[in-house]
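For reference, the structure is listed below as structure tokens.
All of the numbers you see were taken from the coordinates with simple rules; none came from a lab. None of these values were measured; they are calculated from a predicted model. Glycine gets a Cβ as well: all are built from the backbone with ideal geometry, and neighbour counts include every protein chain shown.
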Amino acid sequence: MKNTSTKFLLLVLFAFSSLKMNAQTICMVTADFQTGENYMVMWEQFADVSLFDSIFIYRQEGTETVFTKIGAVDVTMTSPTYFVDTDANTMDTTKYAISYLYTSGAESVRSYWHQPVLLDYVDELTGQILWTKYKKEDQLDESYILAYECFMDPNGIGNFGSMAIMMNYDITWFDQAHDAHPACKYVVEVSLPDCNVLTKSNINTSRSNIKNQQSNASIMNGGSSGLPNLQGTDYSISPNPASDKITITTEKNVTAYVWLTNLKGQTLDQKRISGTTIDFNVNALDPGVYFVNIENEGVVTSKKFVKK
């Protein structure tokens, strides 16, 4: 009897493992390429979206022990390949996983999680830079990583230059000239296998948050090291919580799709914004948590709001 139970358990585990391997996978997670303030989750484009409805994004942050669903992207409308997490703390370890919802209503198992590079500390006395490595749940070694590269912006104005490349998976580097550049900023990037997530080019580099050696805090106006600007749309939702109507206000004029989804990723209403504000009537929605999603130039940014 015991042997039969053991065999059954092994079969179940094997079946689960096989299903997980077939789940939609994350290509990479990176801090956004302009400011380093938001995490971007990227996945491969669907060759055919006819069978799929939504991508669900899950996050495990800091000392949390479970993954929480933080957003949903409607792949049937724009087939986007990004999710911008504007609520994550880029100063703490964060893991992401995704799943997809079939048009039949069934959800796939979650993918293996990815944990982006985290620039932990810059010592203003010694110039030592420490970071937490990029990690993937399904990788027992680091053979998928090509190299870590440290960039420095000497004047803190967004002009980053390469300072060192670590081919042996080091997690530290010393800037011997840090005293000469008290306002400098640092960012660490990791080279990963190619991931065809863009329509115009491939991206195979994930970057960390940006740090300053004096404040040891993430910098709001960081720059790019020649990489594309993939920042999402910055916007606010008011009132939140809401009972009758919400107003979405963007920081800049945009022409983009805006849509509301529930926790299942189902689209409830959609409009196109041309300007800085747009309203949605939410009076008919049941009380609960919903998402406002804005797709602009291939990047989807989602934020939660509460219907009272």
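When Rg and Dmax are taken over the Cα atoms of segment 235-307, they come to 11.3, 32 Å. Measure up Lys245/Lys307; Lys271/Lys303; Lys69/Lys133; Lys245/Lys303; Lys69/Lys304 against 19 Å on the Cα-Cα distance and list the ones that go over. In this structure, Lys69/Lys133 lie more than 19 Å apart at Cα. Model label sites at Phe174 and Lys304, defined 7 Å from Cα along the beta-carbon direction, differ in position by 4.5 nm. Taking 0.36 nm per residue of separation and subtracting the current Cα-Cα distance, fully stretching the chain between Thr276 and Ser162 would add 37.3 nm. List the residues, sorted by chain then number, that are 5 or more residues from Asp53 or on another chain and whose placed amide H is less than 5 Å from its amide H. Excluding prolines and chain starts, which carry no amide H, the hits are Leu101, Tyr102, Thr103. The dipole here belongs to segment 235-307: it is taken about the Cα centre, uses +1 on the Cβ of Lys and Arg and -1 on the Cβ of Asp and Glu, and is about 80 debye.
Whole-Hz Karplus values for segment 145-153 come out as 8, 8, 5, 9, 9, 9, 10, 10, 10 Hz, taken residue by residue from phi with 6.51 cos²θ - 1.76 cosθ + 1.60 and θ = phi - 60°; glycine and proline positions read x. Backbone phi angles across segment 242-254, fed through the Karplus curve with coefficients 6.51, -1.76 and 1.60 (θ = phi - 60°), yield HN-Hα couplings of 10, 10, 10, 9, 10, 10, 9, 10, 8, 5, 10, 4, 9 Hz in residue order; Gly and Pro are listed as x.
Listed values for segment 36-41 are Karplus-derived 3J(HN,Hα) couplings in whole Hz (6.51 cos²θ - 1.76 cosθ + 1.60, θ = phi - 60°), namely x, 9, 10, 8, 10, 9, and x replaces Gly and Pro. Counted by neighbouring Cβ atoms within 10 Å, the residues Leu285, Leu146 run from fewest to most as Leu146, Leu285.
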